[in-house]
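Note sheet for the following structure.
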Amino acid sequence: MNPSKNSLAYDLQEPFRFLVDLVVISLIESDKVENKDFRMADSDEIRPKILSISYSEWKKMKFSNVILYYMKKNAMSDKPFSLNEHVRERLEM
């Protein structure tokens with residue numbers, strides 16, 4: 001078992017996931033959310049930064065080499081990709 005995963009927490013929240021889905025669907029259907037309420041995860045500044053970052057820099061940010069591999073793979077693609085907020089914050093430092 002990977003100690004960095006919170007499996008029990010995920011298992012405990014799963015039965016309640018439908019409530020979040022209902023709230024999100026309700027917000028969308030009632031037009032209470034707009035495009036300005038969302039932040040684009042991918043930007044022209046982030047792709048080059050991911051591609052140019054070295055493994056040693058990546059390790060200093062306390063990320064695994066697996067994350068670096070997939071981030072670079074996504075950055076090389078022309079498809080949009082998303083970043084977790086904690087990853088974006090570390091990349092923007």
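The values are calculated or read from the model by the stated rules, or taken from the named source; none is laboratory data. Computed from a predicted structure; not experimentally measured. Methodologically, a virtual Cβ is constructed for each residue, glycine included, from the backbone with ideal geometry; neighbour enumeration extends over all protein chains shown.
Counting just the residues of region 73-88 that are under 14 Å from the mean Cα position of the chain (by Cα) and modelled with pLDDT of 80 or more, which one comes out nearest to ILE50 (Cα to Cα)?
Here is the first cut: in region 73-88, the residues under 14 Å from the mean Cα position of the chain (by Cα) are 74-75, 80-88.
With the extra rule that they be modelled with pLDDT of 80 or more, the set shrinks to 74-75.
On the way: ASN74: 9, ALA75: 7 Å.
Among those that are under 14 Å from the mean Cα position of the chain (by Cα) and modelled with pLDDT of 80 or more, it is ALA75.
If the condition is being closer than 17 Å to MET93 by Cβ, surrounded by 11 or more Cβ atoms within 10 Å (Cβ to Cβ) and of a type in the set (Asp, Glu), then region 41-81 contributes only GLU57.
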